[in-house]
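Everything below concerns the one structure shown next.
The values are calculated or read from the model by the stated rules, or taken from the named source; none is laboratory data. Being a predicted model, the structure only gives us computed values, none of them experimental. Every residue, glycine as well, gets a Cβ built from its backbone with ideal geometry; the counts of neighbours run over all protein chains shown. Just so you know, the surface numbers come from the protein's heavy atoms only, side chains and all, with ligands and any DNA or RNA stripped out. Shrake-Rupley method; radii C 1.70, N 1.55, O 1.52, S 1.80 Å.
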Amino acid sequence: MVVSSTVQELQSAVGKGDHRGWAVVENPLTHQGLDEAGTDKTTNHLRSLLEHAGILAARDEPLAQFERWLSAKLEAVTEPAVRGTVEQFATWHHLRRLRKASVPGQSSDAAARYAKQEITEAIKFLTWLHSAHSRTLATCRQQDVDEWLASGPTTRSKVRNLFAWAKKARLNKSAQITHQQPPPSRALTQEQRLAWLRELLDGDCDSLADRVAGILLLLFGQRLTKIAALPTSAITVTENGVRISLGQQPISVPQPFADMLTNHIRSRPNLRATGGVATSPWLFPSVRPGRHLDPQQIMKRLRGLGIDLLGARNTALQSLVVAAPPPLVAELLGYSYNTAQCHAQIAAQPGRAT
């Protein structure tokens, strides 16, 4: 059935005079062939259909996009001394880690975006170092680093890993950027958090999917990357109630959110946009067959409602570690013990509303 629907969609795409569709068909139906055909919506949708049908092996799309981005980014660096160093840093520090951490079914989008930020800042720094002081990473001095950090925005500190890698690779052992004291944890008040929960349960937001995603953030302190990738199998509905698996064991979902969650599963959007197959393993399906929704889309929608996303997550976690032992919260919600303990320490600070 899935293969049949895929063939029908392919025939539909190329049977209406769509020259881009014909170009896709003329290329081999491999990831490389589709990459050569372009990155437009038609090609991306066809790739998802082929993966969903099992005709093409699924791949880590954020990782593939990062590899294309890196190639174009390096091509734009004209100074050989800068390009060579950046290519080594990007390849052996970031790309190697992304490939090693790539796991089927888990999005590497956040890690890829972080890698892009660090590589971009590394290019800016090394270009400045070469043009302003005629030095390379190997000959960089501590005063050069201090000058760079003092004369620009805080994003310049993202070159810290560049120097950590340089030390490990024995390119430069003298220059470094020490860990900076993190800023105070941003958080909502408990009253604001409860007000948002009431708004999402009973307010004017028309999108049930947005309301469910927002409550998972505010109630359980879940990261958007994890919310986007939650499978429906994480939700268990029995005569005793609804349970959700976020960590090592399932936890009860309180009413009225339990009913909202089960209603969302039955009426999830985009189910008919998956190659004619009205099923999806994801709690938040994408329009691309077999994929879950991009966490960036959830972020934009919740921000559009006015929710402080980081503040909401921090307040939720701090409230939970006050109500239960931090190690237990970590196990139930899928966080590390260190993260839970850090939020417990913040929550214990004088004047902290929890």
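Which residue pairs have Cβ atoms under 8 Å apart, sit 6 or more places apart or on different chains, and have a first residue in the stretch 57-72 that is in contact (Cβ under 8 Å) with a residue 24 or more places away in the chain and open to solvent by less than 20 Å² (accessible area, probe 1.4 Å) and a second that is acidic (Asp, Glu) and part of a helix (DSSP H, G or I)?
ALA64/ASP35
Restricting attention to the stretch 88-110, and to residues there that are open to solvent by 50 Å² or more (accessible area, probe 1.4 Å) and among the aliphatic types (A, V, I, L, M), which single residue is modelled with the highest pLDDT?
ALA101
What's the total number of residues in the stretch 86-103 that are touching a residue at least 60 places away in the same chain (Cβ under 8 Å) and in contact with a helix residue (DSSP H, G or I) (Cβ under 6 Å, 6 or more places away or on another chain)?
2
Return yes or no: is ALA234 within 28 Å of ALA340 (Cβ to Cβ), touching a strand residue (DSSP E or B) at 6+ places or on another chain (Cβ under 8 Å), surrounded by fewer than 17 Cβ atoms within 10 Å (Cβ to Cβ) and of a type in the set (A, V, I, L, M)?
Yes.
Which residue pairs have Cβ atoms closer than 6 Å, lie 6 or more positions apart in sequence or on different chains, and pair a first residue in the stretch 121-147 that is within 9 Å of VAL82 (Cβ to Cβ) with a second residue that is open to solvent by less than 60 Å² (accessible area, probe 1.4 Å) and among the basic types (Lys, Arg)?
Sorted first by the residue in the stretch 121-147, then by its partner, the pairs are LEU129/ARG135.
I'd like to check something: does the stretch 189-208 contain any residue that is over 27 Å from the mean Cα position of the chain (by Cα), more than 30 Å from ARG266 (Cα to Cα), open to solvent by less than 50 Å² (accessible area, probe 1.4 Å) and not hydroxyl-bearing (Ser, Thr, Tyr)?
No, that holds for no residue.
Those residues that are assigned to a helix (DSSP H, G or I), surrounded by fewer than 15 Cβ atoms within 10 Å (Cβ to Cβ) and more than 23 Å from the chain's Cα centre (by Cα), I need them from the stretch 247-267; list them, please.
Once the filter is applied, which keeps residues that are assigned to a helix (DSSP H, G or I), surrounded by fewer than 15 Cβ atoms within 10 Å (Cβ to Cβ) and more than 23 Å from the chain's Cα centre (by Cα), the stretch 247-267 yields ASP259, THR262, ASN263, ARG266.
Pairs under 8 Å by beta carbon, first residue without any contact (Cβ under 8 Å) to a residue 40 or more places away in the chain and within 29 Å of GLN297 (Cβ to Cβ) in the stretch 229-253, partner open to solvent by 20 Å² or more (accessible area, probe 1.4 Å) and part of a loop (DSSP other than H, G, I, E, B), six or more apart or different chains?
THR236/SER245; THR236/PRO250; ARG243/PRO250; ILE244/PRO250
Here is a list of conditions, (1) polar (S, T, N, Q); (2) more than 26 Å from the chain's Cα centre (by Cα); (3) within 30 Å of SER286 (Cα to Cα), and SER134 meets all of them except one; can you say which number that is?
Result: SER134 passes all but (3).
When LYS226 is evaluated against the numbered criteria (1) over 22 Å from the mean Cα position of the chain (by Cα); (2) open to solvent by 10 Å² or more (accessible area, probe 1.4 Å), which criterion, by number, is the only one it fails?
Going through (1) over 22 Å from the mean Cα position of the chain (by Cα); (2) open to solvent by 10 Å² or more (accessible area, probe 1.4 Å) one by one, LYS226 breaks only (1).
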